[in-house]
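These notes are about the structure you will find just below.
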Amino acid sequence: MHIFDSVAALRAQVGEWRRDGLRVGFVPTMGNLHAGHYSLIELARARADRVVASVFVNPTQFGPNEDFDRYPRTPEQDAAGLSRAGCAALFVPDVATMYPYGPAGAVRVEVPGLSEVLCGAFRPGHFAGVATIVLRLLNMVQPDVAVFGRKDLQQLQVIRRLVRDVALPVEIVAAATRREPSGLAMSSRNQYLEPDQRERAAELSRTLRFMLEAARRGEAVEAIEAIAGERLQQAGLQPDYAVLRAESALEHPLGGPAVTVPDLVALAAARIGRTRLIDNIAADEP
Ligand code: PAF
């Protein structure tokens with residue numbers, strides 16, 4: 001596996017693969033990789049001849065009181081894992097490479113509307129930070145296909161909209177969420193959890209399934225969302241939101257019963273101690 005920290009060297013390698021007629025896949029990450037990330041690599045390998053991964057903990061998507069400083073960083077472990085997983089190249093830029101004018105002086109992109117609801121309402125500026133870095137990474141790597149996890153569904157939709165709106169020549173592919181046996185969605189932030197918190201965190205996915213079952217029975221969306229919030233609180237979680245939405249229109253609240261919404265999805269975000277977890281399950285998910 002080649003390891004690049006400069007855009008020029010990375011582009012030279014990707015250019016060579018493309019001249020040889022090879023399809024290039026890309027998986028951007030913030031490192032501290034777990035089985036969820038490796039499933040994205042596997043999917044990218046199935047869709048492309050050469051896979052590039054990136055590891056960069058992006059400062060612009062963290063709020064001032066968030067976990068940027070304590071975000072787990074495991075560079076050697078990540079590089080070894082990516083090499084074993086069959087990545088052809090790893091891009092590990094520093095802040096000056098990603099933000100030549102510094103994070104504060106960076107040209108920023110905003111996906112309006114969608115970025116301001118759900119997680120965006122609780123993390124102002126987060127999705128602008130995500131869109132800003134993803135646009136840069138896609139422009140630097142120039143892949144044919146890029147893979148993102150469905151666990152960050154709102155992020156996935158923000159990126160899809162960004163790519164479509166500015167006509168980036170890249171196919172965006174979504175990978176299914178990987179879960180612990182308890183149902184807890186895999187996340188680098190799970191390692192902040194104490195054993196008892198980890199047990200309680202599994203209530204997040206149980207509540208999402210409960211919401212979908214209640215929706216299937218034809219119950220009213222508002223009532224389901226209210227009960228879901230109470231369930232999370234009773235389990236010792238502090239919910240930011242627990243909602244039912246149409247996946248194609250995450251920014252629009254649903255009213256009445258949601259039985260007929262074709263792309264129904266339940267989404268929730270909740271805090272356990274200092275850790276904020278998110279999850280979502282679509283109605284057609286096994
Ligand atoms: O999902 C993540 O790990 C990050 O938000 C991403 C897409 C790598 C951008 O920093």
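Tabulated data for the structure shown
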{"item": "Nearest-ten-degree value, helix 153-165 long axis tilted from longest Cα axis of the chain", "result": "50"}
{"item": "Of ALA12, VAL57, GLY120, farthest towards positive along the dipole that unit charges on Lys, Arg, Asp, Glu beta carbons give segment 1-121", "result": "ALA12"}
{"item": "GLU76 paired with ASP284, simple spin-label distance in nm, labels 7 Å along Cα-to-beta-carbon", "result": "4.6"}
{"item": "Extended-chain gain in nm, criterion 0.36 nm per residue less alpha-carbon gap, ALA46 and ALA104", "result": "17.1 nm"}
{"item": "Cα-projected label distance for ALA176 with ALA223, points at 7 Å along beta-carbon direction, nm", "result": "3.3"}
{"item": "Where segment 62-134 is the region considered: accessible area per residue in Å², 1.4 Å probe", "result": "49"}
{"item": "Principal-axis tilt of helix 203-216 within the chain, Cα atoms, nearest 10 degrees", "result": "60"}
{"item": "Calculated FRET value between ALA96 and ALA167, using beta carbons and R₀ = 25 Å, to 0.05", "result": "0.30"}
{"item": "For the chain, calculated [θ]222 nm from helices alone, where every DSSP H run of n ≥ 4 adds -39500 (n - 2.57)", "result": "-11500 deg cm²/dmol"}
{"item": "Cα-based helix-to-principal-axis angle, 126-141 vs the chain, degrees rounded to 10", "result": "30"}
{"item": "Those residues of segment 82-115 whose amide nitrogen sits under 17 Å from the label point placed on MET1, 7 Å along Cα→Cβ", "result": "82-94"}
{"item": "Separation in nanometres of the label points that stand 7 Å from Cα toward Cβ, at ARG18 and SER248", "result": "3.2"}
{"item": "Dipole magnitude of segment 167-286 about its Cα centre (Cβ charges: Lys, Arg +1; Asp, Glu -1), debye to nearest 20", "result": "340"}
{"item": "Total charge dipole magnitude, the chain, about the Cα centre, Cβ charges on Lys, Arg, Asp, Glu only, Debye to nearest 20", "result": "420"}
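The values are calculated or read from the model by the stated rules, or taken from the named source; none is laboratory data. Owing to the predicted nature of the structure, the values given are computational and were not obtained by experimental measurement. Ideal geometry is used to build each Cβ from the backbone, glycine not excepted, and the neighbour counts take in all protein chains shown. What goes into the accessible areas is simple: the full protein's heavy atoms, side chains included, and nothing from ligands, DNA or RNA. Shrake-Rupley method; radii C 1.70, N 1.55, O 1.52, S 1.80 Å.
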